[in-house]
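Okay, structure first, notes after.
The values are calculated or read from the model by the stated rules, or taken from the named source; none is laboratory data. Owing to the predicted nature of the structure, the values given are computational and were not obtained by experimental measurement. All Cβ positions, glycine included, derive from the backbone under ideal geometry; neighbour counts span all protein chains shown. Just the protein is used for accessible areas: all its heavy atoms, side chains included, with ligands, DNA and RNA removed. Shrake-Rupley method; radii C 1.70, N 1.55, O 1.52, S 1.80 Å.
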Amino acid sequence: MVIKVFVATSSGSIAIRKKQQEVVGFLEANKIDFKEFDIAGDEDNRRWMRENVPGEKKPQNGIPLPPQIFNEEQYCGDFDSFFSAKEENIIYSFLGLPPPPGSKVTKSPEEASSLPNGDVTGEAQSTTEGTEKAEESGQQEAQKEGSEDAGELTGSPEKNTEEITAEGAEGEAEEEEAEKGEEEGPGEEEEGEEEEDS
């Protein structure tokens, strides 16, 4: 199966050229076999592309613009469809190709069952878990700040802003010190202090 990308090598539109470059660059970077077909220099390529783009996918004027992507004779989509598939990490199913060995997504969205929250089974769970943990910690911090600030609402707004800014700066300084401690490793800081005492 060869992916066919219809491009216009002599397009005057910068937007079209950028879209074509993004599609071709992505396919090259991911070592996906494809072949470019120039519609600017070959009338047969142009005619074939226009005839094989489904009617519902054609713009109002009826003339589809490059890049248009096919898997052999099967229409995959235009740049917008390609970009959406790339962002959703379903590019292989978009192109009608099997996923590469070792990839975490083993089924196309049509084949995979959807969960009630809209997630698709078979996708990497680490992303979801990381998001949930970040949301939980963010909620906990917000609750702590809310309980600390509840009694400090009296007074001028300028004073509260100064206090919050000072607290934020102290918190950042503490985080930086903690990070430095992690980088140095346990015991390294203590050795330096012992040498100074001697």
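Table for the structure above
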{"read-out": "Exclusive hit being open to solvent by 90 Å² or more (accessible area, probe 1.4 Å), closer than 21 Å to residue 95 by Cβ and either out of contact with any helix residue (DSSP H, G or I) (no Cβ under 7 Å at 6 or more places or on another chain) or modelled with pLDDT under 95 (or both), set 72, 56, 22", "value": "56"}
{"read-out": "Index of the failed condition, residue 86 passing every other in (1) over 21 Å from the mean Cα position of the chain (by Cα); (2) among the basic types (Lys, Arg); (3) at pLDDT 95 or above", "value": "(1)"}
{"read-out": "Of all residues in the range 2-19 being surrounded by fewer than 17 Cβ atoms within 10 Å (Cβ to Cβ) and of a type in the set (A, V, I, L, M, F, W, C), the one that is farthest from residue 80 (Cα to Cα)", "value": "2"}
{"read-out": "Wholly enclosed strands (runs of 3 or more DSSP E) of the range 14-78 bearing at least 1 residues farther than 18 Å from residue 96 by Cα", "value": "34-38"}
